[in-house]
Each structure stands twice: as structure tokens, then as C-alpha cells.
Amino acid sequence: MKELLWLIVALPFAGALILAFAGRKLPRTFNAIVGVGSVSLSAILTLLVGFEFLGNTTPFIQVVWQWFDVYGLSPNIAFHLDTVSLIFIFVITFVGALIHLYSAEFMWEDKGFVRFFVFMNLFVGLMLILVLADNLLLLYLGWEGVGLCSYLLIGYWYKDPKNGYAARKAFIVTRIGDAALAVSFYILFMTFNTLNIQDILTAAPSTWTVGSGIAVATALLLLGGAVGKSAQLPLQTWLPDAMAAPSPVSALLHAATMVTAGVYLIARTHVLFEIAPTAQHTVAIIGAATLIIAGMSALYQHDIKKVLAYSTISQIGYMFLALGIGAWSAALFHFVIHAFFKALLFLGAGAVIWVMRDEHNMFKMGGLWKKLPITFWTFLIASASLSALPLITAGYYSKDKIIWLAYAGDRGSVELWLAALVGAFITALYTFRMVFLTFFGKSHAEPTRRPGWIITIPLIILAVFSFAGGFIELPEDMGHLTLISDFVEKTLPTTTLSVLQPSTELIFQIISAVVAIAAVFLAYRLYFNKPFPAAEPQRNAVQRFFFKGWDFDLLYDKVIVEPMVFLSRINKKDFIDQFYAGLAYITRQLNALFSATQNGQLRWYAMVVVAGAIIILTVIFFP
Amino acid sequence: MILVWIIILLMGTGLLAWLASRWNTFLPRLISLAGTITYFGITLWLWHGHDPGVGNQEWIISYTAKWIPTFGIQFKLAMDGLSLLMLLLTSFLGVICVLVSWKEINSRVGFFHFNLLFELAGITGVFLSLDLFLFYFSWELMLVPMYFLISIWGHEDRIYAGKKFFLFTQASGLLMLLSILGLYFVHGQNTGVYTFDYEQLVGTTMAPQIGFILMLGFVVAFCVKLSTVPLHSWLPDAHTQAPTAGSVILAGLLLKTGAYGLIRFALPLFPEASHRLAPLAVLLGVVSILYGAKLAFAQTDFKRLVAYISVSHMGFILLGVYSFNEMAMQGVVMQMIVHAISTGALFIIAGAVYDRIHTRDLHQMGGLWRQVPRMGTMGLVFVMASMGLPGLGNFIAEILILIGSYQGDFKVLTVIATVILITATAYALRIMQKVFYGKEHKVWKIPDFDVREMIVMLSLTGVIIWLGWYPASVFRVSQTPVQKVIEKVRIPKPDQEEEMESVDRADIFNIANPVDVKYVTIKKVDQVQKINLIQTE
């Protein structure tokens, strides 16, 4: 079964190819079957391969062909399956397939149905390449590829220039990170003479001393790539705008693909971060700062999808925090759970927007819980999971692990723990603000249609996972089940604790549980059944600052975009060309001058001859 | 002999096409198509028959005939892997050019194809010549037909653009002629043998100052063709004003003659001087990369924008060539090919848009995707190629040049050049937005790509994707020539100078005692290998 690994990657590409070449001529049902079917088959294959892999978890490498071989750089088109990549391909194909299924109904009336599925299939295929690549160059192929797909899908409704702007912003901002990543390849190849990931990881500890400048620089460059794709500080600004995409795209982008690439990259190259403690600590700080900054912004949004966008940035911040403190398995655990509930939230929000005919403003919704019961209940489960409500939700187990390790891990600290805790409070607050505004209170508008079963089924499946997914990994004092961490730790190192008292863990669990419940209660007091005007609320300066995502856009506009535009405007005509034009002009003037002397008048010629003779004679006789 | 036949075939087809235009306009097209397809077939056959594994000889095929023996001028053609790749490219783009001109060119059809085929003949000559006089001859032969192509069938400012192109190329060509003659006399005085034969001229010893000046003559001529900043300013005008086929040949092939010249002549003939030039050359390369991208971003004329993309891409050639590193050099070879494909395709798209809406102004376009989805898809592919998206050939070229040159002496400049990843995204996405996405400024009723155009575009797409996923097929062919060039240009480090001297002495010995040639050559090879070993250590 393992030998079919390549097929998992190839199927989405095959689907995209069939659709691209034949899709326009064939009926929509066929297109939907190809688009959804290819990814679903990949998911089934992943399960089969995964079951076999569980029996024998030694990494499996499948070389499809040799890419090229130049001067020692000989990357293969090869896939590396180990426990980490298996978790990723499982989430990508499984959540991806559900989102594809959902899209089949969601996008049914859209004119570009075929184009949509071509891009979606490519997106999944390239993300699979990213996480399965056995060398950095192939990883980079997937890495850039998902960037392209995000560009194409964010700008899917291309007629609106705003969407085009958001799409370009996403691509260009992430390319900044990609450039940093590329530079890290230069250093890695120079040092290790290979770009094979496992070879580098094996050789690095003996080549570089811990904390050496070059190790830190390389890790920071990798981090640069990661913050771009994962929308962390300071390159987070593209993600809120990426909401221009159709909702299923957002679900795919936020849950299964794209933004988790950074998390994957750091987990994959964990050795390089461990020998660069400064860089790893930077990861933790970036994560902590991002989760609070993004959470604050989420509190002030009125667009339901923007709340979720900032929430993604914030939750990825938790993953970065976990990576930064060496809590590798906790980061991946949260990644899996987050994929389930965030996909569900986006699909749920998408369903709401869909039935409300493209209404994004939560203040114009309200009272939907009776009218859309399945959507409401599944959305509620996902929200509870995102808010980490204790004991019953999967999000609690994954997030609490990170919060606990932020304090108790040997690289944790009180500051990081506090940041994570404050973040948890904010998360629960904005989540339930969203729930109460959207589904409770006075109804502002009537839904115009009901979601069909193709939209509903993925919601239900994802709700089950958002609820039950957490029970595969339980804390030491509650059941002590360590399926995920055992699995992950076959590839990644175990997290070491600095404090080893189970009793303390219980205290910390209670604290974070209380924090989450308190936040939900606060949200209930502030937003439940309150009469809000349907119009956009008035904001004071501080609120506007948070609403605008801490004005990072303004900053970058002033510091980067405007100077760039100015530069390109002042020298549109290329001053170097003016030099040559000047040369030509002088030549023409000289030509005019000399041809003026050829006037055909005898006396003028005679005078010139005499003058010339005088000059020559003067030069000869009076040197 | 096959090499001569290729050139005769092209010239003959050209003449025939011209003659055929007496009867109708269809015949010249057909004849030219047949001629270029035959040429393509021959190069494919040569490629297929070429086994890179066998032997270590430098040239796969060579042909030498007497031409003007008094002056040591020969008719010497030879093909190695690099030339083979360039011939493949030339013949492939030749077919494409005939196809894209099928409906675009309607006046003086016969003369157009005559020029087109003579242009191809000249370019082929440049890629094959191993006699510097013959090389210069072919170099000039490329100039005239292209001048006509621009000035007769071009757009509104064609006369100006044609003149500018002619003057730049001619002036720099003269510098090269002076250098060729200088080299001729230096070598003659050293050895008593006055010859233009490349293989004999390689390794000519000369005073560093003279070597540097002679090299500059070559490098300036090649850099004008490569459109290196600040010698680039002929290119935007020529590319913009030329008819589509002209733009494709200019971007796809003419620029490559500059790159080819650097690799084939400038480096092996003047290794020491090249090393002295390297910092400046790499700097100019990086400046071209970024400055070209910056100007591309500012343009409002579709073809002019693509022209500046060429400037940017050609900067990579300088960066790679003057890193003196096998990986970077392989990247350069790849860049020569993929740039021809991707930029050629963009010019074809720009030409197709112009044909339909009669403007190149980006502000007049917008929202074309709805009308012409096939054109939009193709545009997307090649826009992505020119910003170096992995999976398409350009990525392989760029990443190899960047990684390769970072292994050399110019680490900071390489890192600065990496900024192109961001700026290229900006200009590339601008094309998509202005042409295919966004609001429709005017509602055009235009037809999408027809079958002929789709054949052209799909074959280009096929090649660019194939090169992105299986570039090994190119590297296998170019490996030997690239290694030979690197070997020739390698300068021993100071502590190995002693050994190098002994090699030089062996050289002298070699000439003095022809009987011992075999022995000495073996010894020499051993020593060279020893040096290589020391260096790799």
C-alpha cells in the first residue's frame, strides 16, 4: 500500500488536468465528481497508507524520479513519509475532501465552476507536495505553488479590483518570506552540500555549534519564510484581506493548507531551530505577540469572516508559541484540532453568508439559530472548541497543553504563559461575541434559502471531529492518553518539563478553564440579546486601531508601498535612455552645424581655406 | 557537413520563399514552415544521436574548410552540447515565428520570410562558428535582416527603433572586431602563427592590461546584446516596435547570442581578465536584474513591460557567468532556454492582444479573461514562469544561478539579487491584473486563441513545464561544455602557482618537441587533475 504514496499526490493533479482540458465541454455534475472525487480518493488512499504505516513507523521514502543533478545538488522528486508528514497529509486530504464536497453545492451557480475546482485541486496537490517533499527544493515547489493557488483563489472573483488587490497582496507579502527562505537554501547548500532535509538534519548538530551565528541566521531565514506563509508578525497583513475569496477557499486556506505550511516547516526543520536557541525563542515570542495582537483585532470586527481570519492568525500564533518552546507534539496536536474546527467555522460562516445572499456583517444577521438549526449547532460546537471550553471540547485539550507547557516546559516562562492565557480569554470572548451576534438576538434579515445535504454533511462530520478529536490525547491527570504525542515523537523530540508536579498541572488546568468560561460569560453579558443597530458601529480611535489590525497596513503603505510606487513613477522613462537620446541630439546638432558650413558659396570656402592656412602656418612657425 | 547543410537549408529556403512570393502569399509561408520544421527535425535528430556519456571530446561534430588561408581565416564550424541546445532553441523558435506571423504579416510576405530565415541562418552561424572571423561575419549577418524586420514590419515608431538597434549593435560590434584583430596580432606575435582559429587562440598569453582591454571589446558587444544596464536602452524600443516574430527572435535568440558569446569566447579566451572583471560584471548583473524589474513595473505598454522583464532576466546571465561556478553556469544555460520560451510566449500574447484590440496600452485593457479564457490561462502560465514559479523552467535556472553564485565570492550581491523574487511578483501580477483581471474598461468583442495559436502556445507551455520538472534532459547535454569552460577559466590559487607554471612549461615543451607530444599531454592532464583535486579539497 505504501507504494501508492505518489498516487495520493498525483490524484488531485490528475483531477485538475482533466477539468482544465475537458471541464468546459462536460456537464457540471461530471466536473463536480472529478473535482471532489479526486481529492476524496486521495483521502481514502491516505487512510489505507496510514493504517499500514501505523504497523511500521520507520520513515518511508519513495523516489519518483531524479529532478536534476548539477554540481552536487541532486534533488529527487521524492516523497518522505514519516509520522509528521502523515498527520499533515491526513488533515490535508481529509479536510480538503470535505471542503471540496461542500463547494460542489456552494459554488454550483457560479460561472467559473470548472476554474474553481481546477485551482482547488491544484491547491491540495501542491500542499501535499509541500509536506511530503524529501528535499527543500521540492518543498519550495509546493511552498510557492500554494502561494500561487491562494493568489488565484483569493482573486477568484476577478472583476472586482478589490479582490485582485487582496490576491496580489497575499502573493507578494508571502513572497517576501519566500525570498528569505530561498536565501536559507544558499547557506544550507554551501554548508551541507545537499538540500535533502533528512541529510541536513542529521549533519547539522555535528557541523554547527549550538548558538553559532550561521545557525541562528539560517533558522531566522527559515522563520522568515514561515511567518510569511503562516501570517505571523510582521507579515500577517495579507490574511485578513484574503477574505475576498469564496468561503470554501477560506476554509481550505485556513485549516488544511497554506497557513499551516509555516508550522510544518519549523517542525520539519526542528533540529536547525534547536541548535539556534535564539531563533527558537524568537519563534515563541512571535507566536505569543501574534496571538494577542490578532485576538484584539478579532474583537472589533463586524465581518464574520474577518473575525475568523484574525482568529486563525491568533491560533497559528499558539502553534508558533508551542514550536518556540519545543512543544512539538502540542503544536501538531493543536494544528490537527484547529484544522477541524476552523474548517467547520468557515464552512458554517460560509453557509450563513450563502443563505443570506452575501451578507458578511454580523450586526445585520441575528436570530438565525432557529432558522438554521444544523448550521447553528455545528457552528456552536466549533466555537466551543475554539474557545477551549473545558473537558467537552477538543480545543480544550490541544490548547491547554500549549498553555501548560508555556509555563512548565523547560523553555517556557511566566511571560509566555500569561500571554497564552490572555490570548485564551480574548479568544473565547470574540468567539462567543460572534456566536451571539450571528445566531441570537433580534433577526435583521431573513435567510433566502436553506443549505442542502451536500453542504450539511461536511458540517456534521467536522463537528464530530471538533468535539471528539481531543480525546486522542489527554493530560496526565485526566486519563493520560498520549496517542498523538507518542506518534509525533517518533519523528520529533519529546518535550521536557522543568517542573514535574502533577498537582501544579491541575491548578493550571483549572485556571485556563475558568478563564475560558469567564470570557464566555462576559460575552454573554455584553452581546447576548442586546439590541444593536444593524449599521456598522461607530468606533473611537482605539477601536479603529484594533479594527484595522493595529494599522500595520498603514505602516507598510507608508514605509514600503508608497516609496516603491514613487520610485517607479519618477523614472518611468529610464534616465539612462535619456543619456543616449542626448547623445543622438548632440550628434544631430553637430551635423546641422557642419552641414551649415557646406553652403555652396565660393567666398565662404575661400575664406575658410585662408583661415585654415593661417592657422596651420601659425602652428608651424610659432610652436 | 550537416552543420553547413543547415545553414544552406535556411538561406536556400529564404531565397525560395522570396521567389515564391511572386505567385501568392501562401507559398512563402508554406516554404518557410517546411524549412524551419526540417531544421527542427535535424536538430532533434542530432540531439537524439548525441550520446553525452561516450568519449571526452569537446566537439560532437565539426567541419573545417579553407576560406582565406592567407590571413589564417577558415570556415570552421563545430557543435558541442551548448551549441546543440542553442540550435534546438533556434529551430524551435523558428517554427514558432513562422506560425505566429501566419496572419499578422500581410505585406511583402516573401521578403519578410527571406529576412526571417536569413536571421535564423545568421544566428545559427553565431552558435556554430569556431573561427573568430567567421563568428564576426555571422554576428553582422544577424544585424541586417533584423533591422529590416523591425523597420519594415514594425509598429508606429519602427524607423527610430530600427536605427537605434542598428547603431547600438554596430558600434559594439566594431569594438569586438577591434578586439578580434588585437587578439589575432597578439597571438601572431607570440607564436608566429597568424590565425583566427578559436581553438588555437584559447590560451594565448598576453600582458594583463592588453588582455583586459581586448576582453572589454568582446564583453561590451555581448553586454549590448544581453541588454545589460546601462547598455540596454536599445532593447525596449526594438522589442516594442518589432512585429511579434521579430520580438520573439530578439528576446529568444538575439539576446542569447550575447550570453553564448560570453561563455564561448569571453571566458575561455581571457580567463585572468574575466576574473578581474567579475566584481563589476556581477554588480551590473544584479543592477540589471533589479533595475529591469523596477522599470517593468512602471510601464504601461504591454510589450515594453515584457521587454524590461528581459533586461531583468538577462541580469541573471551575467551574475551566473561571472560566478565561475558549474552550478551557476548550468543555471545560465537553462536561463538562456527558458527565458526564450517564457518571454517569447509573453510577446506572442502581447502581439495577439494587439492584433485584436489594436493597442498595447495596459490602461485600455482589463477584464479580458471573460472574453478570452484560453489566452488568459496561457498568460497566467507564462507570467508565472517569468516570475520564477517552481514547476516551470525559469525557477530551475534562477535558483541554480542564485545558489551557485552564493558559493562563489559574491554572497552579498547574490542575496540582494534575491529581492527579485518579490519585485518580479509585483510586475508579473500587474500584467495579470491589468490585462485579464479587473474591470473591463472597454467592452471588446474579440475572438479567443484559434487552433494555430493554441498549437503554438501549448507547445511552448509543454516545453516550459517539461523543463521545470525534468531539467536533467538539458543539463545532461550541457554538462561537458560547461565543465570545459569552468576548467578553462579556472585560475589557480597562489599556493598552486608552482604547479601551474610547470604546466606552462610543458606547453612550451609541447610545441618544441612534437615527438613527445603524447607523453607531455598525459603529464599535463595529470597535473591539471591534480590541481583540480587540490581545489576541491
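All of the numbers you see were taken from the coordinates with simple rules; none came from a lab. As the structure is a computational prediction, the values presented were derived from the model and not from experiment. Here the Cβ is made from the backbone with ideal geometry for all residues, glycine too, and neighbour counts use every protein chain on show.
Data table
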quantity: Zero-based 5 Å bins, Cα pair distances in the range A:353-498, whole percents; calculated: 2, 9, 15, 17, 16, 13, 10, 8, 7, 4, 1, 0
quantity: Reciprocal mean inverse distance between Cα atoms of chain A - Kirkwood radius, Å; calculated: 26.2
quantity: nm² value of the averaged projected area, convex hull over the Cα atoms of the range B:82-208; calculated: 9.2
quantity: Per-residue average of Cβ from other chains inside 10 Å of B:461-469; calculated: 1
quantity: Those trypsin sites (Lys or Arg not before Pro) in the range A:338-421 that DSSP places in a loop and that have at most 16 other beta carbons within 10 Å; calculated: A:ARG357, A:LYS370, A:LYS371
quantity: Packing-based exposure ordering (other Cβ within 10 Å, fewest first) of A:ILE275, B:ILE2, B:ILE150; calculated: B:ILE2, A:ILE275, B:ILE150
quantity: Cα Rg, Dmax, the range A:289-431, angstrom units; calculated: 15.4, 51
quantity: Equivalent ellipsoid, the range A:577-621 (semi-axes from 5 times Cα gyration tensor eigenvalues, Å); calculated: 31, 17, 4
quantity: A:GLY409 long-range amide H proximity, modeled H, under 5 Å; calculated: A:SER498
quantity: Shielding by partners, peptide B:369-376 (average Cβ within 10 angstrom, other chains); calculated: 2
quantity: Principal axes of the range A:465-623: Cα extent on each, largest first, Å; calculated: 116, 54, 33
quantity: Base-10 log of normalised Debye intensity for the range B:273-491 (one unit scatterer per alpha-carbon) at q = 0.12, 0.19 Å⁻¹; calculated: -0.63, -1.28
quantity: Peptide-level mean, for A:64-77, of C-beta atoms on other protein chains within 10 Å; calculated: 5
quantity: Two-decimal ratio, chain B, of alpha-carbon radius of gyration to 2.2 N^0.38 Å; calculated: 0.96
quantity: Length-normalised contact order of chain B in % [C-alpha pairs under 8 Å, at least 6 apart]; calculated: 13
quantity: Percent breakdown of C-alpha pair distances by 10 Å bin, ordered from the shortest bin, for the protein assembly as shown; calculated: 2, 10, 18, 20, 18, 14, 9, 6, 3, 1, 0, 0
quantity: More than 20 Å apart - percent of Cα-Cα pairs taken over the range B:1-125; calculated: 47
quantity: Cα lying deepest toward the dipole's positive end in the range A:294-437, options A:LEU321, A:ILE392, A:ILE403, charges on Cβ; calculated: A:ILE392
quantity: Taking chain A and dividing mean pair separation by its residue count, relative contact order in percent (alpha carbons under 8 Å, at least six apart); calculated: 12
quantity: Diffusion coefficient, µm² s⁻¹, Stokes-Einstein with Kirkwood Rh over alpha-carbon pairs of the range B:277-402 at 20 °C and 1.002 mPa s; calculated: 142
quantity: Packing-based order for A:245-253, A:441-449, B:28-36, using average beta carbon neighbours within 10 Å, highest first; calculated: A:245-253, B:28-36, A:441-449
quantity: Percent of alpha-carbon pairs separated by more than 21 Å within the range B:137-296; calculated: 48
quantity: Mean separation of Cα contacts under 8 Å (6+ apart) over length of the range B:380-423, as relative contact order %; calculated: 26
quantity: Chain A: DSSP helices with Cα axial extent of at least 27 Å and average Kyte-Doolittle hydropathy no lower than -0.5; calculated: A:28-55, A:83-106, A:113-132, A:161-192, A:277-298, A:304-324, A:328-355, A:414-439, A:502-527, A:575-597, A:602-621
